1. When you look at Thr84, is it touching a strand residue (DSSP E or B) at 6+ places or on another chain (Cβ under 9 Å) and either of a type in the set (Asp, Glu) or at pLDDT 85 or above (or both), yes or no?
2. Which of the residues belonging to segment 19-45 are touching a Pro at 6+ places or on another chain (Cβ under 8 Å) and either loosely packed, with under 11 Cβ neighbours inside 10 Å or of a type outside the set (S, T, N, Q) (or both)?
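The values are calculated or read from the model by the stated rules, or taken from the named source; none is laboratory data. Everything numeric in this text was worked out from a predicted model, so none of it was measured. Every residue, glycine as well, gets a Cβ built from its backbone with ideal geometry; the counts of neighbours run over all protein chains shown.
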Amino acid sequence: MANDLEPYDDPSLKGISRYFNSKTIRGRANVAKATFAFLGGAFLFQKLCKCNCDQNKITMAGGSEAAEEAKLSGLSKIFNAQTTRGRANVAMATYASVGLLIAYFALRPKKSKNNNKLEEGQENVHL
């Protein structure tokens, strides 16, 4: 009955995967804590750092942004180099993709060394 329970911690896991994984109770709890901390920090940042942009509006040399946004359509309206909002969206998308790549390579399962060895009695056949 005790073997049916999931382990609290697995000392065989090394590095960051020991603290953030889906195999142990501790790993899943740490992922949840990190997610809530990130979301809470993002919420606080958004609430505390929100400025009144209408009063502090800085116009670019090319004219007003409203005229530029009216000419754009589709994805170019969201991701562009003409408006401040478009440049911010490009920067956020870049940071998000880099973060996803780091998370993927940090959390993907490692290949075990036993898979590469041939079992006894097997022959190595090359075509």
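1. The answer is yes for Thr84.
2. The answer is Lys23, Ile25.
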